[in-house]
Amino acid sequence: MRLQAGCELVVESIEDCAVVAMLRPRSGEAQWLISEAYSFEPHVRPTEFVDVFGNLCQRFVVRRGRMKIRAELEVETERDIAIAPWVAPASAAFLPDYALQYLLPSRYCPSDRAFQQAQAIVEAAGSRSGQVGAIVEWIRTHIAYRYGVSDPSTDALGTMEAGAGVCRDYAHIGIMLCRSLRIPARMVVGYLYELEPMDLHAWFEAYLDGRWYTFDPTQAAPRGGRIVVAYGRDAADVAFLTNYGWLQTVDMQVWVGERTNDVSPSFSGDAG
């Protein structure tokens with residue numbers, strides 16, 4: 001399927017502020033980037049680099065006052081995603097080198113402190129859904145989707161204790177529990193077609209049977225229509241905007257629509 005997506009951010013700074021943005025997706029196994037357009041008001045010319053996870057990063061300075069950043073994309077992606085939650089994980093000895101970093105604890109995913117919780121969840125589910133499937137179902141059953149419960153300092157254990165959070169918190173729990181069972185897991189951020197309410201989104205991937213599989217505990221069933229913008233160990237690696245100084249987001253609009261032969265609809269809304 002072909003999706004047209006984008007976001008418009010209005011940010012404000014009380015002084016010149018250095019920023020690194022992640023707003024440009026890349027073509028890869030999961031998607032093909034057909035076209036893209038970016039604008040900055042007032043105009044700046046960002047420099048770009050590729051981070052250690054392969055994400056495209058844009059570096060620029062927000063001058064004192066307000067700036068509008070707009071990204072528009074057209075991407076071909078899968079309508080349906082492959083699912084294999086029952087597949088047994090591979091031994092660490094047979095994992096590719098790049099997957100090993102996704103076994104380690106990270107800022108928001110303290111997997112070295114979650115083995116007992118993960119083991120209990122998997123044992124309670126039995127063998128019918130596999131380890132990752134059991135983790136995803138537990139999150140859906142025990143964590144309520146609710147704004148205002150977590151903040152930028154909340155890690156996966158904090159979300160489990162609170163029993164509520166938003167998409168990034170759901171992903172952090174899934175990643176933490178998978179890693180504690182020696183299953184490589186990574187954070188993914190981007191767009192999801194027909195997400196309600198519309199917003200930039202986060203989910204996770206687990207490495208099983210020689211490839212990455214998508215898991216999204218916020219959704220009742222596996223769904224395609226995803227545009228990947230960035231991968232990382234957790235939210236600290238995949239922020240859409242990282243500011244090195246005082247910066248406030250004043251407004252954000254996000255839209256995703258399917259492109260057809262004759263009509264290119266879009267769905268828009270305020271990011272929550």
Candidate set: the stretch 82-119, residues that are touching an Asp or Glu at 6+ places or on another chain (Cβ under 9 Å) and among the aliphatic types (A, V, I, L, M); chosen: the one nearest to residue 227 (Cα to Cα): 84
Selection status of residue 206, in a strand (DSSP E or B) and either under 14 Å from the mean Cα position of the chain (by Cα) or of a type outside the set (Val, Ile, Thr) (or both): yes
Given (1) surrounded by fewer than 24 Cβ atoms within 10 Å (Cβ to Cβ); (2) among the β-branched types (Val, Ile, Thr); (3) in contact with an Asp or Glu (Cβ under 8 Å, 6 or more places away or on another chain), number of the condition residue 175 does not satisfy: (1)
Residue count, the stretch 172-197 (criterion: touching a residue at least 24 places away in the same chain (Cβ under 8 Å) and either assigned to a strand (DSSP E or B) or farther than 20 Å from residue 95 by Cα (or both)): 14
The stretch 209-219 - residue that is modelled with pLDDT of 95 or more and assigned to a loop (DSSP other than H, G, I, E, B) and, of those, farthest from residue 192 (Cα to Cα): 217
Lone qualifier among 27, 39 - being without any contact (Cβ under 8 Å) to a residue 40 or more places away in the chain, closer than 23 Å to residue 192 by Cβ and not acidic (Asp, Glu): 27
Strands (runs of 3 or more DSSP E) contained in the stretch 30-87 and holding at least 1 residues at pLDDT 95 or above, out of contact with any Pro (no Cβ under 9 Å at 6 or more places or on another chain) and within 23 Å of residue 207 (Cβ to Cβ): 31-41, 47-50, 65-77
Those residues of the stretch 1-51 which are charged (D, E, K, R), within 17 Å of residue 238 (Cα to Cα) and exposed (fewer than 13 other Cβ atoms within 10 Å of the Cβ), in sequence order: 48
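Residues checked against (1) under 30 Å from residue 210 (Cβ atoms); (2) touching a strand residue (DSSP E or B) at 6+ places or on another chain (Cβ under 6 Å):
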| position | (1), (2) |
| --- | --- |
| 3 | yes, yes |
| 19 | no, yes |
| 30 | yes, yes |
| 45 | no, no |
| 57 | yes, yes |
| 80 | yes, no |
| 87 | yes, yes |
Boolean, residue 98 is of a type in the set (Phe, Trp, Tyr) and free of Cβ contacts under 8 Å to residues at least 60 places away in the same chain: yes
Failed item, numbered, when residue 224 is tested on (1) surrounded by fewer than 17 Cβ atoms within 10 Å (Cβ to Cβ); (2) at pLDDT 95 or above; (3) in a strand (DSSP E or B): (3)
Qualifying residue in the stretch 80-88 (condition: under 18 Å from the mean Cα position of the chain (by Cα), closer than 30 Å to residue 5 by Cβ and among the small types (Gly, Ala, Ser)): yes
Subset of the stretch 234-272 (residues that are part of a strand (DSSP E or B) and at pLDDT below 95): 268, 269, 270
Output for the stretch 68-84, where each listed residue is of a type in the set (Val, Ile, Thr) and crowded, with 18+ Cβ neighbours inside 10 Å: 69, 75, 77
Answer residue from the stretch 114-169, given it is hydroxyl-bearing (Ser, Thr, Tyr), touching a residue at least 40 places away in the same chain (Cβ under 8 Å) and under 17 Å from residue 218 (Cα atoms) and is surrounded by the fewest Cβ atoms within 10 Å (Cβ to Cβ) among those: 147
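The values are calculated or read from the model by the stated rules, or taken from the named source; none is laboratory data. Bear in mind the structure is a predicted one, so any value in this text is a computation, not a measurement. Cβ: placed from backbone, ideal geometry, glycine included. Neighbour counts: every protein chain shown.
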